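Peer 1: This structure is in structure tokens; I'll ask about it shortly.
The values are calculated or read from the model by the stated rules, or taken from the named source; none is laboratory data. Worth saying up front: this structure is predicted, and the values here are computed from it rather than measured. Note: ideal-geometry Cβ built from the backbone for every residue, glycine included; neighbour counts use all protein chains shown.
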Amino acid sequence: MGERTNGGSPSRATPRRRELLKKAIVTGAGASLPAGCATPSEKQLPWNWVQEAHLQPVTTLPDNVTRPWIGPHFWSNRLQDWRLRAGKIECLRGEASYEIRTVSVLTREVVAGRLPGRLRVTTGLAGHLNRDGFCGFLIGVGGPELEYRAAALAQRGSGEGGGLLCTLGRDGRLQFREHTNEVDPLAFGVQAAETHYPIGGLTRPAADDRIQLDLEIRPQRAGRFELRLTAWNESRGELLGTAIRRDVRDEAVAGNIALVSSPPPRRPGACWWFQDLRTGGEKIANRPDRTFGPIADTLYTVNEGVLRLSAQLTPVAEEEVESIRLDYRPAGTAEAWRRGSTAELQPGYAALFRCEKWDLTQVWDYRVVYRSRTADPVAYHGRIRKDPESGADDFTIGLCSCTTPAARALEAGRIDPDRSPDEYLGRYTPENIYFPYADLVQNLHRQRPDLLVFTGDQIYQNSPTRVESRENPTLDYLYK
Ligand SMILES: [Fe+2]
């Protein structure tokens, strides 16, 4: 394990070396510092250190488009609370009651095991500069039990499985805060940590400062981990400080990773942007198959010889769309694709295709090809079934209505402290979050329905987040 990340044989840090490293961080010459600064030679590094050179970018985001959707590697909570602009992931919400806005990283996960890991992101102020608040990472959401798409919803309300916040405050303070308190879900209680700040004390980031936030997860003995959060002011070449929390359980760090921008509890606060997220070390698993979008899904009907197919896109920018095209060919063949039709992007980010004289007697494969000015073309594949034989005895209908993503909302609702713990559903547990409906999908597959019917209540306005009646009803509906 240590070999892979160090390139050398495992060697434990002696107390003397640890002391030197600690001093190095306080004085701003340690290995936590960005490229260009003096770093200890490989021989000096402890076995559980993930080197700077092993940090890999999660993705490259386009810098020539402004849109609500961040990109295929991310899921923002909520869609209307974030945007991509000038290559930065930018939070738009700093009002009171919009605590812990998150952008989950779908293609990375902190995994269980005695392994080292490291996360780094560049951050800065995006708005409401004179207010307080904090930004940073939320790690360890859901643990191994919660499906990654359910864990990716983690936001405002703390609760069981809610993870650990690793934050940089507006005042320059570095902190670890819980996100697990079911009784006081907006407390975000500060956890004990050793902190080191430069001799001048805390430094308040300025409006244009670019701050590197670096989180190291280092294995200690007996399955415990040391978390080391360092902030470096890239613009001024200054260390802001380091916070170290030790003896952290593996279950507290394993799970979903998210970026966080938050006002202080119950008050308005600053907004933050993020850029150039990198991860490294075997503790941070790469999950490239977990991307989502820009085509979220498709639906089709065939009626009286007409195929109608809709493709739902994630909220892209109108001006980046070049073309959206439907192709088809006989199922299971490698024949050349036949042109179906092209479609414009409609309000609601949907593309609607219509093909006349559809041949219902055979099965077809199809693909929806999306071309944009900001990324390589992408194709979404599916299959169009033939008409069920008329006169057949059975015709199976699958009804998909009244689906709610979570029993308890992800806002501030608290459990009753007088009830016993087995009488409530922990907020970020499989018992509470049904999304993405694994049981429902599995049972539908088992029934092999000829027709899926959606008769309403495909979402509920108050689940898993608050009713949003005025602002961005389209994005709120899509989010839900
Ligand atoms: Fe309903």
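Peer 1: Out of ARG354, ARG373, ARG383, which single residue is away from the ligand (no atom under 16 Å from the Cβ), exposed (fewer than 15 other Cβ atoms within 10 Å of the Cβ), under 15 Å from ARG329 (Cβ atoms) and modelled with pLDDT of 95 or more?
Peer 2: Sole residue among the options that is away from the ligand (no atom under 16 Å from the Cβ), exposed (fewer than 15 other Cβ atoms within 10 Å of the Cβ), under 15 Å from ARG329 (Cβ atoms) and modelled with pLDDT of 95 or more: ARG383.
Peer 1: May I pose another question? Residue by residue through the range 236-280, note down the ones that are out of contact with any Gly (no Cβ under 7 Å at 6 or more places or on another chain), charged (D, E, K, R) and touching a residue at least 60 places away in the same chain (Cβ under 8 Å).
Peer 2: GLU238, ARG245, ARG266, ARG267, ASP276, ARG278
A quick yes/no check of all residues on (1) in a loop (DSSP other than H, G, I, E, B); (2) assigned by TED's automatic domain parsing to the domain that holds LEU138; (3) of a type in the set (S, T, N, Q):
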position: ALA206; (1), (2), (3): yes, yes, no
position: ASP214; (1), (2), (3): no, yes, no
position: GLU226; (1), (2), (3): no, yes, no
position: THR242; (1), (2), (3): no, yes, yes
position: ASP247; (1), (2), (3): no, yes, no
position: PRO268; (1), (2), (3): yes, yes, no
position: ARG278; (1), (2), (3): no, yes, no
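Peer 1: A follow-up question, please. Does the range 141-153 include one or more residues that are in contact with a Leu (Cβ under 8 Å, 6 or more places away or on another chain) and assigned to a loop (DSSP other than H, G, I, E, B)?
Peer 2: Within the range 141-153 (the criterion being in contact with a Leu (Cβ under 8 Å, 6 or more places away or on another chain) and assigned to a loop (DSSP other than H, G, I, E, B)), the answer is yes, since at least one residue qualifies.
Peer 1: Suppose we filter GLY127, GLY117, GLY133 for residues that are in contact with a Cys (Cβ under 9 Å, 6 or more places away or on another chain) and surrounded by 24 or more Cβ atoms within 10 Å (Cβ to Cβ); which single one remains? Give the derivation first.
Peer 2: Details: GLY127 fails: surrounded by 24 or more Cβ atoms within 10 Å (Cβ to Cβ); GLY117 fails: in contact with a Cys (Cβ under 9 Å, 6 or more places away or on another chain).
Sole residue among the options that is in contact with a Cys (Cβ under 9 Å, 6 or more places away or on another chain) and surrounded by 24 or more Cβ atoms within 10 Å (Cβ to Cβ): GLY133.
Peer 1: For the range 406-422, does any single residue satisfy the condition of being surrounded by fewer than 16 Cβ atoms within 10 Å (Cβ to Cβ) and within 16 Å of the ligand (Cβ to nearest atom)? Step through it out loud before you land on a result.
Peer 2: First, the residues of the range 406-422 that are surrounded by fewer than 16 Cβ atoms within 10 Å (Cβ to Cβ): 407, 413, 416-422.
Those left that are additionally within 16 Å of the ligand (Cβ to nearest atom): 407.
Yes, there is a match, as at least one residue in the range 406-422 is surrounded by fewer than 16 Cβ atoms within 10 Å (Cβ to Cβ) and within 16 Å of the ligand (Cβ to nearest atom).
Let's see how each residue does on (1) buried (at least 23 other Cβ atoms within 10 Å of the Cβ); (2) more than 25 Å from GLU147 (Cα to Cα):
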site: THR242; (1), (2): yes, yes
site: ALA252; (1), (2): no, no
site: ILE257; (1), (2): yes, no
site: PRO263; (1), (2): yes, yes
site: PHE274; (1), (2): yes, yes
site: THR298; (1), (2): no, no
site: THR301; (1), (2): no, yes
site: THR314; (1), (2): no, no
site: ILE324; (1), (2): yes, yes
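Peer 1: Across the range 179-204, what is the number of residues that are under 16 Å from ALA252 (Cα atoms) and either surrounded by fewer than 17 Cβ atoms within 10 Å (Cβ to Cβ) or not charged (D, E, K, R) (or both)? Don't jump to the end; show me each part of the working.
Peer 2: As a first pass, look at the range 179-204 and keep what is under 16 Å from ALA252 (Cα atoms): 179-182, 188-193.
The next check asks that each one be either surrounded by fewer than 17 Cβ atoms within 10 Å (Cβ to Cβ) or not charged (D, E, K, R) (or both); those that pass are 179-181, 188-193.
Within the range 179-204, residues that are under 16 Å from ALA252 (Cα atoms) and either surrounded by fewer than 17 Cβ atoms within 10 Å (Cβ to Cβ) or not charged (D, E, K, R) (or both) number 9.
Peer 1: Continuing with this model, one more query. Condition check: touching a residue at least 40 places away in the same chain (Cβ under 8 Å), assigned to a loop (DSSP other than H, G, I, E, B), more than 16 Å from the ligand (Cβ to nearest atom) and farther than 24 Å from ALA252 by Cβ. Does GLU468 satisfy that? Before you say what the answer is, go through the steps one by one.
Peer 2: Values: touching a residue at least 40 places away in the same chain (Cβ under 8 Å): yes; assigned to a loop (DSSP other than H, G, I, E, B): yes; more than 16 Å from the ligand (Cβ to nearest atom): yes; farther than 24 Å from ALA252 by Cβ: yes.
Considered against the rule, which asks whether it is touching a residue at least 40 places away in the same chain (Cβ under 8 Å), assigned to a loop (DSSP other than H, G, I, E, B), more than 16 Å from the ligand (Cβ to nearest atom) and farther than 24 Å from ALA252 by Cβ, GLU468 comes out as yes.
Peer 1: Please state which one of VAL441, VAL453 is β-branched (Val, Ile, Thr), more than 16 Å from the ligand (Cβ to nearest atom) and under 13 Å from CYS400 (Cβ atoms). First the steps, then the outcome.
Peer 2: Working: VAL453 fails: more than 16 Å from the ligand (Cβ to nearest atom).
So the residue among VAL441, VAL453 that is β-branched (Val, Ile, Thr), more than 16 Å from the ligand (Cβ to nearest atom) and under 13 Å from CYS400 (Cβ atoms) is VAL441.
Peer 1: Sort out which residues of the range 323-375 are free of Cβ contacts under 8 Å to residues at least 40 places away in the same chain and either assigned by TED's automatic domain parsing to the domain that holds LEU84 or within 22 Å of LEU475 (Cβ to Cβ) (or both), and write them in order of number.
Peer 2: Filtering the range 323-375 down to residues free of Cβ contacts under 8 Å to residues at least 40 places away in the same chain leaves 329-330, 332-346, 359, 361-365.
Residues satisfying the conditions are ALA343, GLU344, LEU345, GLN346.
Peer 1: For the range 272-281, give me each residue that is touching a Cys at 6+ places or on another chain (Cβ under 8 Å) and closer than 14 Å to LEU84 by Cβ. Break it down stepwise before answering.
Peer 2: Taking the range 272-281 as the starting set, the residues that turn out to be touching a Cys at 6+ places or on another chain (Cβ under 8 Å) are 272-274.
If the condition is that a residue be touching a Cys at 6+ places or on another chain (Cβ under 8 Å) and closer than 14 Å to LEU84 by Cβ, then TRP273, PHE274 are the ones that fit.
Peer 1: So the check is Cβ under 6 Å with 6+ separation or different chains; which pairs have a first residue in the range 179-193 that's part of a loop (DSSP other than H, G, I, E, B) and a second one that's hydroxyl-bearing (Ser, Thr, Tyr) and surrounded by 13 or more Cβ atoms within 10 Å (Cβ to Cβ)?
Peer 2: Correct list of pairs: HIS179/SER158; THR180/SER158; ASN181/SER158; PRO185/SER158.
Peer 1: Could you identify the single residue in LEU444, LEU478 that is in contact with a Gly (Cβ under 6 Å, 6 or more places away or on another chain) and at pLDDT 90 or above? Give the steps one after another, and end with the answer.
Peer 2: Working: LEU478 fails: in contact with a Gly (Cβ under 6 Å, 6 or more places away or on another chain).
One residue alone meets the criteria, LEU444.
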